[in-house]
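The structure appears right after this line, and notes come after that.
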Amino acid sequence: QDGTLHVSGTEFGYFATEQEFENYRLTVEFKWGEKTHSPRQGLARDSGILYHFVGPDKIWPKSIEFQIIEGGTGDVILVDGGELTVGGVRRTEGRFDRSGKGPWQDVAGYRDPAGEVERPRGEWNLLELVADGDTVKYYVNGKLVNEGTAASPRRGKILFQSEGAELFYRNIKLTPLR
């Protein structure tokens with residue numbers, strides 16, 4: 001509506017591109033809504049952008065995630081066998097926290113006391129993902145918060161999660177690097 005996508009968060013699922021992409025810059029603005037839903041009701045608002053999604057259409061497919069969660073937006077999550085090296089550490093599962101992230105609590109409205117990069121709930125945030133060959137960089141509101149190399153897969157579809165929290169997206173732009 002009026003150029004804004006509304007994700008209710010009532011169900012776990014996603015909307016995704018039909019094409020696969022590689023070597024691009026993805027920019028998107030998001031803001032949190034009010035509502036959280038079971039099984040995450042009362043917990044930190046949670047969503048994400050999974051990129052380089054390959055394989056079967058399921059919850060959640062093989063990919064790498066640009067985490068969107070209160071107090072942890074900009075974390076990397078490796079999903080269903082996605083792989084990445086950050087700071088010399090190779091992982092095929094789990095999470096890489098964003099740089100400068102303090103302790104985290106899974107409660108609605110949580111803000112990182114050590115160095116929050118996300119704007120307060122209800123305000124628009126700018127996310128930028130640069131996928132260049134096997135290298136990825138995450139920016140939140142213009143600040144580089146995570147980067148990795150040896151990404152696997154290196155190409156795939158891009159999906160936007162619905163994961164128990166209401167949120168809004170606008171100004172989604174995908175720009176080829178080459």
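The values are calculated or read from the model by the stated rules, or taken from the named source; none is laboratory data. No experiment lies behind these values; they were computed from the predicted model shown. Just the protein is used for accessible areas: all its heavy atoms, side chains included, with ligands, DNA and RNA removed. Shrake-Rupley method; radii C 1.70, N 1.55, O 1.52, S 1.80 Å.
Listed by chain and number, the lysines whose C-alpha is less than 23 Å from the C-alpha of Lys101, apart from same-chain residues fewer than 8 away, are Lys31, Lys137, Lys143. Among [x] 122; [y] 109; [z] 138, only one was calculated for this model; which label is it, if the read-out is volume of the Cα convex hull per residue in Å³? This structure yields the entry labelled [y]. Cross-link partners for Lys173 among the aspartates and glutamates, with Cα-Cα distance under 18 Å and sequence neighbours closer than 8 places in the same chain left out: Asp2, Glu18, Glu20, Glu22, Glu29, Glu65, Glu128, Asp132. Summary of the geometry: the stretch 66-83 and the stretch 122-152, compared by the centres of their Cα atoms, lie 11 Å apart.
Pull out a ≥ b ≥ c, the square roots of the eigenvalues of the alpha-carbon gyration tensor of the stretch 1-94, then state rounded if a/c is under 1.5, prolate if not and a/b is larger than b/c, and oblate in the remaining case. Each step should come with its number before you reach the end.
Numbers: a/c = 1.62, a/b = 1.34, b/c = 1.21.
Prolate, because a/c is 1.5 or more and a/b exceeds b/c.
Rolling a 1.4 Å probe over the protein heavy atoms leaves Trp60 with an accessible area of roughly 50 Å². The relative contact order of the chain comes to 41 percent, based on Cα pairs under 8 Å that sit 6 or more residues apart.
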